[in-house]
Amino acid sequence: MPIYVKGVGMTKFGIQDEPANHMIYEAAFEALNDSKISMNDIDAIVVSTIEPMSSSDRQKHSASMVSSLFKKSAPIIDVPAGCAGGGTAIWTAIKLLKSSDYNNILVVAFDKLISNTSKKTTDEILMGGERIYEQSEGLIFPAQNALVAQQYMMKYGATTDDFALVALKNHRNAFYNPKARFYRKMVSLDDIKSSPVVASPLRLFDCSITCNGAAALVVSKEKSDIEIAGSGEVNDTLSHFERDDMASLEATRIAADIAYREADILPSDVNIAEVHDAFTPLEIISYDDLGFCKKGEGAELIRKGVTNKEGKLPVNVSGGLKAKGHPISPTGIAQFYEIINQMRQKCGNRQIKMPKYGLAHNVGGVGSTAAVHILKNLN
């Protein structure tokens with residue numbers, strides 16, 4: 001059964017301190033208007049937000065908050081999955097459509113990470129992905145990803161210069177994205193390479209930026225111009241050091257294989273990709289895991305400009321998590337927003353040649369969850 005995207009919406013990703021329900025409303029109604037349908041046409045809603053998110057708004061019953069906001073009595077399902085919340089919510093909506101008589105499902109994700117809450121509360125939100133082994137040893141997300149980067153560098157010869165090129169590319173792309181956190185803010189290669197070390201080899205500009213935001217889309221059985229041709233979602237161990245290969249995210253590889261098989265395409269058929277670059281080494285590692293190159297050759301793609309906006313396979317034309325911003329749960333839906341608007345030729349100065357196939361790759365934790373979707377342009 002084919003599943004389609006009718007419409008997409010998102011707020012600007014930034015430091016705005018408006019209530020969460022305002023952001024939800026803005027993103028959802030942009031998606032509904034883009035779909036040319038009303039809330040009355042929505043049969044169910046899938047919501048994603050990180051569980052302790054609402055310490056700023058003091059509201060943890062997200063499903064009923066959404067019901068109150070839209071005056072909608074319908075099945076509303078909470079799907080918290082950390083940084084992969086958006087992608088997992090989309091996967092859930094697809095499965096729900098295929099197994100029910102629903103025709104249209106609204107998927108919305110939101111998080112408010114910058115507010116007047118205390119630093120301790122913010123740390124609790126951002127450090128809450130692991131509480132068994134790692135936090136007691138100081139292995140918060142930058143440190144965990146630094147270890148993965150070290151392993152990849154030792155095995156395959158990638159360098160910090162390669163990571164800096166990823167940051168430079170994504171900041172250049174975000175410069176032209178009015179909904180990006182770093183819109184119209186240029187960063188030089190020297191700025192990136194001279195920024196403070198956070199957890200070696202990661203510097204400040206190797207790390208994605210925290211922000212507030214919301215994103216939404218309408219998935220449907222009714223034919224539109226964009227088909228979700230493939231969808232894979234896989235979970236792996238909580239800690240990366242429990243896995244056989246720390247220089248790869250196996251959940252990404254498996255989820256991608258599922259999505260490619262469903263779409264009946266090869267990685268070489270992908271024309272645009274939005275990849276989960278929470279830290280710049282992850283984008284290079286993802287080139288490998290998504291099959292865009294042979295294992296260990298990801299750095300060659302960024303060195304040769306293959307993944308630049310003008311390259312053969314543009315990656316993170318939106319600016320990615322690195323420069324568009326990463327408000328956690330909305331990220332996976334925001335990836336759809338970019339790819340679909342590229343397919344509809346609505347991206348202005350960052351517009352690429354109209355793509356036929358797009359790939360959205362959303363990760364939670366250090367590869368603990370991965371959602372990969374293939375979008376097909378039917379125009």
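Read-outs: derived from the displayed coordinates by stated rules, not from any lab. Here the structure is a predicted model, which means the values were calculated and not measured. For neighbour counting, all protein chains shown are included, and Cβ atoms are generated from backbone atoms with ideal geometry for every residue, glycine included.
Given (i) 135; (ii) 147; (iii) 123 as candidate values of volume of the Cα convex hull per residue in Å³, which corresponds to the one derived from the coordinates? Only one option fits the structure, namely (iii).
For the range 307-325, the residues whose amide N sits under 19 Å from a probe point set 7 Å from the Cα of Lys353 along the beta carbon direction are 307-318.
When DSSP assigns beta bridges and you keep just the ones with both residues in the chain, what percent turn out antiparallel, to the nearest 5? Display every interim value, and only then the final one.
Working: 39 of 52 bridges.
Antiparallel: roughly 75 percent of the beta bridges in the chain.
Here is how the number arises for the chain: DSSP H runs of 4 or more residues each give -39500 (n - 2.57), the sum is divided by the residue count, and the result at 222 nm is -10500 deg cm²/dmol. Derived scalar couplings between HN and Hα for the range 230-236 equal x, 8, x, 9, 9, 10, 10 Hz in order, rounded to whole Hz, by the Karplus curve 6.51 cos²θ - 1.76 cosθ + 1.60 (θ = phi - 60°), x for Gly and Pro.
With a/c under 1.5 counting as rounded, go ahead and sort the range 264-379 into rounded, prolate or oblate using the C-alpha gyration tensor (a ≥ b ≥ c being the square roots of the eigenvalues; past the cut-off, prolate if a/b is larger than b/c, else oblate).
Numbers: a/c = 1.38, a/b = 1.13, b/c = 1.21.
Rounded is the answer for the range 264-379, as its axis ratio a/c remains below 1.5.
In debye, nearest 20, what is the charge dipole magnitude of the chain about its Cα centre with +1 on Lys and Arg Cβ and -1 on Asp and Glu Cβ, if you could check?
Working: 41 positive and 44 negative charges, 232 e Å.
For this selection, approximately 1120 debye.
Magnitude of the charge dipole for the range 1-44, about its Cα centre and with charges confined to Cβ atoms of Lys, Arg (+1) and Asp, Glu (-1), is about 160 debye. Under the rule a/c < 1.5 gives rounded, and otherwise a/b versus b/c splits prolate from oblate, where does the range 195-346 land using the Cα gyration tensor? Rounded is the answer for the range 195-346, as its axis ratio a/c remains below 1.5.
Starting from the range 275-374, pick out the GluC sites (Glu not before Pro) whose DSSP state is loop and whose Cβ has at most 11 other Cβ atoms within 10 Å. Please list the in-between numbers first.
Working: sites: Glu283, Glu297, Glu300, Glu310, Glu338; in loops: Glu297, Glu310.
In loop regions of the range 275-374 (DSSP not H, G, I, E or B), the sparsely surrounded GluC sites (Glu not before Pro) are Glu310.
Highest GNM mean-square fluctuation, the chain, Cα pairs closer than 10 Å: which of Ile24, Ile254, Ile15? Sorting by GNM fluctuation, first place goes to Ile15.
Each of Cys211, Asn21, Ile37 was scored by the projection of its Cα onto the charge dipole of the chain, and the greatest displacement toward the positive side belongs to Ile37; charges sit on the C-beta of Lys, Arg, Asp and Glu. 3J(HN,Hα) along the range 3-16: 10, 10, 9, 8, x, 9, x, 7, 7, 5, 8, x, 10, 4 Hz, from the Karplus curve 6.51 cos²θ - 1.76 cosθ + 1.60 with θ = phi - 60°, whole Hz, x for Gly and Pro. Each label point was placed 7 Å from the Cα along the Cα-to-Cβ direction; for Asp190 and Ile15 their separation is 2.5 nm.
Within the range 237-312, the trypsin sites (Lys or Arg not before Pro) that combine a DSSP coil assignment with at most 12 other C-beta atoms in a 10 angstrom radius are Lys294, Lys304.
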